[in-house]
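Notes to accompany the following structure.
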Amino acid sequence: MPPLPPPYAGSRGRCVLSFAAARDRCFSRRFLNAGLRPLAVPLPGPDPDPATTVHIWVPARPPRNPLLLLHGFGASATWQWAPYLRPLIAAGFDPIVPDLVFFGASYTRLPDRSEAFQASTIKAAMEAIGVSRFGLVGVSYGGFVGYQMAAMFPEAVERVAMVCAGVCLEEKDLAEGLFPVAGVGEAAAMLVPRQPEELRRLVRLTFVHPPLIMPSCFLWDYIKVMGSDHIQEKTDLLYTLINGRQLSNLPKLTQPTLIIWGEQDRVFPMELAHRLNWHLEGNSRLVVMKNAGHAINLEKPKEVCRNIIEFFKEPAAEASNGEKV
């Protein structure tokens, strides 16, 4: 994509026309055209006023085969799940797609920043829309939240698919060089970019085939439209996620679990995929996709979606340990 000439490029390289806002509207239309509608679900806090609001896309009719889709760090849920809606619906699933707290239009006044709080919040939102049992797919950070949901609410979560979700990481892994960052602060700067160069680094790290040209005006526009809200809160989420994390404290899921990973993931390297498969002791299956990185849900949406559909349709006894490349 070539740099934009005037009058499209504004001061500091920012775009006068917002392509990020236009793309955001396009994704929302795709959700509406797929038969989903947006809801703002208020959840009570310690006082009578709602302490938390979850923005969630739900089927227009009561779901018969609900599948909860949890997004990762980055833009709102619509940006990460739009390619999956029609294939999942055609396969007989009813996608339910929330924005996690501090992403999109979801927000809380409460101080808790743990993935357990996120899990409890999404579970409460599911109860509020009348869904008591469901399958679950979590991408990256959404996988951390989904793993907690499955561990905390096994009576509600029937099956789990984890997509490049490094839940088995330990804080010491950063210092020992497993990741491209050496500490939580550097991880936060990368995953919550505030400058075009930080966003370029993130895109180049997460995609095997990133765009060759990323004009600063487009990157400034994206940061302003999709990445400028709740920066401190998102940073706090990362600190809470990583600080003091130990594999010995991670519960083992009882539900059949599908693990999908990009072979060239540099955010959460393959070591973490194997750790998770070993940790679940025969209750999981690992699918490794070649020529894919951390953003596998965007680089390989057809392949990821096909594996998700096959997994959630197969008999429980077939979800066994193993590895598929």
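Quick note: the coordinates plus some simple rules give every number you see, no bench work behind them. Fair warning: this is a prediction, and the values are worked out from it, not measured in the lab. Here the Cβ positions follow ideal geometry from the backbone for every residue, glycine too, while neighbour counts run over all protein chains shown.
A few comments on the model shown:
- Calculated FRET value between K252 and V181, using beta carbons and R₀ = 25 Å, to 0.05: 0.35
- The Cβ shell under 14 Å around T240 holds other residues with a net charge of -2, Lys and Arg each +1, Asp and Glu each -1.
- At q = 0.07, 0.10, 0.11 Å⁻¹, base-10 log of I(q)/I(0) for the chain (Debye sum, equal scatterers on each alpha carbon): -0.27, -0.56, -0.68
- Exposed-loop-free span, longest in the chain, where GluC sites (Glu not before Pro) count as exposed if DSSP calls them loop and at most 12 other C-beta atoms lie within 10 Å: 1-154
- The range 28-140 pair-distance distribution - Cα-Cα, 10 Å bins, rounded %: 14, 50, 30, 6, 0
- FRET E, pair E127, M152, Förster distance 22 Å, beta-carbon r, rounded to 0.05: 0.95
- Fraction of the pair-distance distribution of the range 159-209 above 14 Å, Cα-Cα pairs, percent: 62 percent
- For the range 18-91, Kirkwood radius (reciprocal of mean inverse C-alpha pair distance, Å): 13.9 Å
- The calculated FRET efficiency for the pair E233 and H274, based on their C-beta separation and a Förster distance of 25 Å, comes to about 0.15.
- Within the chain, percent of DSSP bridges classed antiparallel, to nearest 5: 35 percent
- Expressed in Å, the radius of gyration and Dmax of the Cα atoms of the range 164-306 are 16.1, 49.
- Amide H contacts under 5 Å for I260: M162, V163, C164, V287, restricted to partners 5 or more places along the chain or on a different chain, H placed in the peptide plane at 1.01 Å from N.
- Total formal charge among the other residues, if their Cβ is under 12 angstrom from that of N249, Lys/Arg +1 and Asp/Glu -1: 0
- For the range 23-91, the set of trypsin sites (Lys or Arg not before Pro) satisfying both a DSSP loop assignment and a count of at most 14 other C-beta atoms within 10 Å is given as R64.
- For the range 66-206, average projected area of the Cα convex hull in nm²: 9.5 nm²
- Screening the chain for DSSP H helices whose Cα atoms reach 24 Å or more along their own axis and whose mean Kyte hydropathy is at least 1.6 gives nothing.
- Cβ-to-Cβ counts within 10 Å put H71, H55 in ascending order as H55, H71, the fewest first.
- Taking 0.36 nm per residue of separation and subtracting the Cα-Cα distance, full extension of the segment from A22 to R86 would add 20.9 nm.
- Approximate spin-label separation R37-V203, in nm, with each point projected 7 Å along Cα-to-Cβ: 3.6 nm
- Sorted by Cβ density within 10 Å, fewest first, the residues D265, D112, D94: D112, D94, D265
- Pairwise centroid distance, computed over Cα atoms, of the range 214-231 with the range 132-208, Å: 21 Å
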